[in-house]
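Working notes for the structure below.
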Amino acid sequence: MSTGLSPSMNTFHQTPEQFRQWGYALVDWIADYQSRVSDLPVFSQVQPGEIRAQLPASPPETGEDFSAVVEDLNRIILPGITHWQSPNFFGFFPANTSGPSILGELVSAGLGAQGMLWATSPACTELETHVLDWMAEMAGLPDRFKSSGTGGGVIQDSASSAVLCALLAARERASGLNTNETGCHGDLTAYTSTQAHSSIEKAVKIAGVGRANLRKIEVDQKYAMEPDLLSKAITEDRQAGRKPFFVSATIGTTSSNAMDPLPAIAEICRREGLWLHVDAAMAGTAGICPEFRVFQAGLELVDSYAFNPHKWMFTNFDCDCFYVADRAALIRSLSILPEYLRNKATESGAVIDYRDWQVPLGRRFRALKLWFVIRHYGVAGLRHHIRHHVSLAQEFARWVRESGDFELLAPAPLNLVCFAPRQGNEFSEELLRRVNASGRVYLTHTQLRGRHTLRLCVGQTHTELEHVRAAWTLLRERAANMKAEAAPA
Ligand SMILES: *Cc1c(COP(=O)(O)O)cnc(C)c1O
C-alpha cells in the first residue's frame, strides 16, 4: 500500500488504515527482533561513515512507499545497531526495556500530549505524581519524598538532568545568594567523590559554578567517598572564604558500583548546611527488594535523590525518577510564568505544573510507560527479576573468585562484577578486544587503581544463567588461547 500522494484525496498524510497496517507490521517487526536479538552480533561491527554512505545525499522530493522505509530499516539501520536488548549485553549499565514499556511509549506518542502544565493535560501530571509516589513506596524511599509531604517526585529525561536541577535548587537556596538574579560569583564550592559520574561535573559547568570549584573527594579501599576528607575539604574552603553549598553522593558508582556512606555524609551536610543529592542511577532499582535497602540507610536525611528506571527497571529510555524533600526550593529556582502560560488552575495553587521542576518547558507523557510496567509486573514481579539479575552476577563473581586465572578488583554488591585476568593490563585489554570482536558478548572496561578492569553488568531484561555462563566460557577460552600463543613453541 502506498503512502504517497493519492490524487483523489489531495493529502500526503498516512491514512488511519495505512497507519494500522504499518503499525501492526512494525509491532510484528519488534516482536521478531526480540526473538532473534540473542543471535545477532552484540556490538555493531560497522566502520565510521558506513551507515551514512548508504543514505541518499538529499531527502526524497516525493514521498516513498512505506515498505521502502522498512526495507532500509533492515538493510541499513539494523547493522549499525549495538544490541542493548541482547541478553548477551553486559556493557556499561543496562538500558533495558519490556513489552509494557514499549507499548506505553507508543501510546504516549499516539496521544502526543504536552504535559508542561497541569492544564495542558491533567492526566499527564496526575498520573506522574501518583506513579512517583508508588515508586517511592516500592523502593522504600523516605516519606518526605512523597507528594503528600513537603517534597515530591518528577520524571526527568536523565540522571544528568536530575543532578543539574538539584544543583540549581541548592545554588538558589544557598544562604540567600539569590544567584538566579545576580549569577554566580566564583565562590560557591561543590563536592563529590573521584568515582562520581561525569554528569556531576557537567552540571557544575552548566550551572555556572565552575569546574575548578568542584572538589573530588578521595575514596577508600571499596571506592566509597571518605567522609573525613569531605569534612576537611569543606573546612578548608570555608577558611579560604568560599561558600560550600552542595554535595553529590552515589549509590552504585558507574565504574565499580561503589556505595558512598550516606549516614556519615548526610551528617556532615546537615552540620554544614549543604544540599545533599544522591545519585543512584542504576542501583536505585535494587531498592525495590527490601534486602538491598541497606545501601539506602541515611536517605531520610538527604535533599534529593534520583534513579533511572530506564537502566534496570524494564522501562525504555528516557525515564529518571527525581525526588526532592523540599519542592518549594526546586520550584523557586526553576519557576517562570510568561503571560501566555497563565491559567486558572496554576493560579489556584491547587495543581502541580511540572515545567517548574525541570529545565525544558515541554514534556512528554513518560509516566505512562512506568505505569504500564509497574502494573504488568507488579512489585513482586519486579523483585523477582531484580533478584535474579543480582544472583546471576553473584554467581559470576563466585566463578571469578574460584578461578586461578582471574580476580575480582572491587566488591560486587549487586549486579556489576569488576574483574581482570591476573596477567596484567595489556593482556586484559587484548582479551576484551577479542571477546567483543566475537560478537557473542559485549563487555566494557574501567580503570581501578591503575588496573585495566573488565566489567560484567547483568541487567538486560532476558539475561539468564546460560548467557552469563557462555560469557564466562568465552572469556576463559580466549584467555587460554592467548596464553598458548604467548608460550614459547
Ligand atoms: C548512568 C549514570 C548516570 C547518567 O545517567 P543518564 O540518565 O544517562 O544521565 C549518572 N550517574 C550514575 C551513577 C550512572 O551510572
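The values are calculated or read from the model by the stated rules, or taken from the named source; none is laboratory data. The shown structure was predicted, so the numbers you read here are calculated from the model rather than taken from an experiment. Cβ placement follows ideal geometry from the backbone for every residue including glycine, while neighbour counts extend to all protein chains displayed. Each accessible area value is taken on the protein alone, full model and side chains, heavy atoms only, with ligands, DNA and RNA left out. Shrake-Rupley method; radii C 1.70, N 1.55, O 1.52, S 1.80 Å.
Odds and ends about this structure:
- Qualifying positions in segment 82-140 - acidic (Asp, Glu) and either open to solvent by less than 10 Å² (accessible area, probe 1.4 Å) or in the same structural domain as residue 466 (by TED's automatic domain parsing) (or both): 128
- Unmet criterion (only one of (1) open to solvent by less than 50 Å² (accessible area, probe 1.4 Å); (2) within 20 Å of residue 264 (Cβ to Cβ); (3) without any contact (Cβ under 8 Å) to a residue 24 or more places away in the chain) for residue 303: (3)
- The selection criterion, being within 29 Å of residue 412 (Cα to Cα), in a helix (DSSP H, G or I) and polar (S, T, N, Q), holds for residue 231.
- Filter result for residue 350 (in the same structural domain as residue 195 (by TED's automatic domain parsing), more than 19 Å from residue 415 (Cβ to Cβ), open to solvent by 10 Å² or more (accessible area, probe 1.4 Å) and in contact with a Pro (Cβ under 8 Å, 6 or more places away or on another chain)): no
- Residue match in segment 453-464 (condition: of a type in the set (Ser, Thr, Tyr), in a strand (DSSP E or B) and in contact with a strand residue (DSSP E or B) (Cβ under 7 Å, 6 or more places away or on another chain)): yes
Here is a yes/no grid of residues against (1) among the hydrophobic types (A, V, I, L, M, F, W, C); (2) in contact (Cβ under 8 Å) with a residue 24 or more places away in the chain:
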position	(1), (2)
390	yes, yes
408	yes, no
439	no, yes
464	no, yes
467	no, yes
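Yes/no per residue for (1) away from the ligand (no atom under 16 Å from the Cβ); (2) assigned to a helix (DSSP H, G or I):
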| position | (1), (2) |
| --- | --- |
| 147 | yes, no |
| 163 | no, yes |
| 166 | no, yes |
| 169 | yes, yes |
| 192 | no, no |
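- Residue satisfying all of: in segment 428-465; closer than 20 Å to residue 402 by Cβ and more than 26 Å from the chain's Cα centre (by Cα); surrounded by the most Cβ atoms within 10 Å (Cβ to Cβ) among these: 431
- Any hit, segment 307-320, residues being within 12 Å of the ligand (Cβ to nearest atom), open to solvent by less than 10 Å² (accessible area, probe 1.4 Å) and of a type in the set (Asp, Glu): yes
- Residue check, residue 208 at pLDDT below 95, in the same structural domain as residue 285 (by TED's automatic domain parsing) and either surrounded by fewer than 24 Cβ atoms within 10 Å (Cβ to Cβ) or more than 16 Å from the ligand (Cβ to nearest atom) (or both): yes
- Residue 313 more than 24 Å from residue 118 (Cα to Cα), out of contact with any Lys or Arg (no Cβ under 7 Å at 6 or more places or on another chain) and of a type outside the set (D, E, K, R): yes
- Members of segment 54-82 found to be within 30 Å of residue 382 (Cα to Cα), part of a loop (DSSP other than H, G, I, E, B) and free of Cβ contacts under 8 Å to residues at least 60 places away in the same chain, listed by number: 81
- A single member of 244, 227 is in contact (Cβ under 8 Å) with a residue 12 or more places away in the chain, away from the ligand (no atom under 13 Å from the Cβ) and over 28 Å from residue 292 (Cα atoms), and it is 244.
- Answer residue from segment 180-200, given it is more than 22 Å from residue 251 (Cβ to Cβ) and in contact (Cβ under 8 Å) with a residue 24 or more places away in the chain and is surrounded by the fewest Cβ atoms within 10 Å (Cβ to Cβ) among those: 183
- Residue that is nearest to the chain's Cα centre (by Cα) [pool: residues in segment 257-288 that are open to solvent by less than 10 Å² (accessible area, probe 1.4 Å), of a type in the set (Gly, Ala, Ser) and away from the ligand (no atom under 11 Å from the Cβ)]: 286
- Condition check for residue 408: within 21 Å of the chain's Cα centre (by Cα) and modelled with pLDDT of 95 or more: no
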